[in-house]
Amino acid sequence: MTSLRTGRSYGALAQFIFALVLTAIVAWSLWWGFLREHAPMTARGIRVEADFTGMPNGAAPDHFDGGQPATVVASSDDPNDPGDQFKIQNGSLTYQPTTQGNAAAFFSSPDLGSSVKSMGARFSFRPGSGTQGAIALVVSRGVTKRVPPMIKPLPINLVVTPMNWNITLSRSDSAPLEVIAADFFQQPLHQDGTTIYEARMVIDGAQITVDLPGTHKVLSDPRFSEWQGSFATFELYSNDGATDSIGAFKKIWATGNKD
């Protein structure tokens, strides 16, 4: 009798343990299924581009070629002095400031759905009687209708003039731009309005590859990745809008996917 009872006890205990294990397996399976169903999918970014070479002279578009909306702002919104506003002129996105002092115009992408993986531009510099103007390619966390429109942090701010280039970054509105890399072109870029150049950045985590006329650089900084943003801005800037040479974009593009 004792052995029979002992056997029954062990059998009951085994059934109890099996039931516990089965319950745990079922619960885990349900939990995992719930997580898979409700977890956000890995974001896949989009690509935007705008080719201005075939556009008629006139007002700048408010969207990219694929219809994605663009945020377009300028340092002056005075309707009586539209010179700071972007416009299409001879197949380029450019501007023509008419007053002395700083001037800038910005053409920004919508949210690309993922951190910017690459961006670039084909551009020229139109002649001026004063100092050199600049173009800039900027990555940010967001954009607004203010000037400048970029919401910090700025993990990458590439500025190109006919003489030199630099890459800076900035964490907040109160933080200054910190130079990560800078150099002069071996041959200054022409400011004739017809010579076309290309600037391109490829961003891979904490590393960016920069290609400019006669220049190829690979740079690393953890903040490129830590402060990554999903908005791309294309900027023209003049120290003295009335006399500086002026940048002109022929084509611009940015992508949240790896090309």
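The fewest-to-most ranking of M201, M119 by surrounding Cβ atoms within 10 Å reads M201, M119. Scanning residues 5 or more positions from G247 or on other chains, those with amide H under 5 Å from its amide H are R126, A134, Y237, with H placed 1.01 Å from N in the peptide plane. Name the lysines eligible as straight-distance cross-link partners of K152: C-alpha to C-alpha under 18 Å, and not fewer than 8 places from it in the same chain. By straight Cα distance, K152 reaches K117. Ranked by the mean number of other Cβ atoms within 10 Å of their residues, highest first, the peptides 178-188, 132-142 fall in the order 132-142, 178-188. Convex hull volume per residue, computed on the Cα atoms of segment 47-255, equals 108 Å³. Over every Cα atom in segment 92-165, the radius of gyration and the widest Cα-Cα span, Dmax, amount to 13.8, 42 Å. Here is the list for segment 210-259: trypsin sites (Lys or Arg not before Pro) lying in DSSP coil, each with at most 14 other C-beta atoms within 10 angstrom of its C-beta, are K258. How many angstrom lie between the Cα centre of segment 198-223 and the Cα centre of segment 51-117? Centre-to-centre (Cα) distance: 25 Å. As a rough footprinting exposure proxy, the listed residues V73, V116, V202 were ranked by other beta carbons within 10 Å of their own, and the order from fewest upward is V202, V73, V116.
A short reminder: the numbers here are calculations on the coordinates, not readings from a lab. As the structure is a computational prediction, the values presented were derived from the model and not from experiment. Cβ atoms come from the backbone with ideal geometry, glycine included; neighbour counts cover every protein chain shown.
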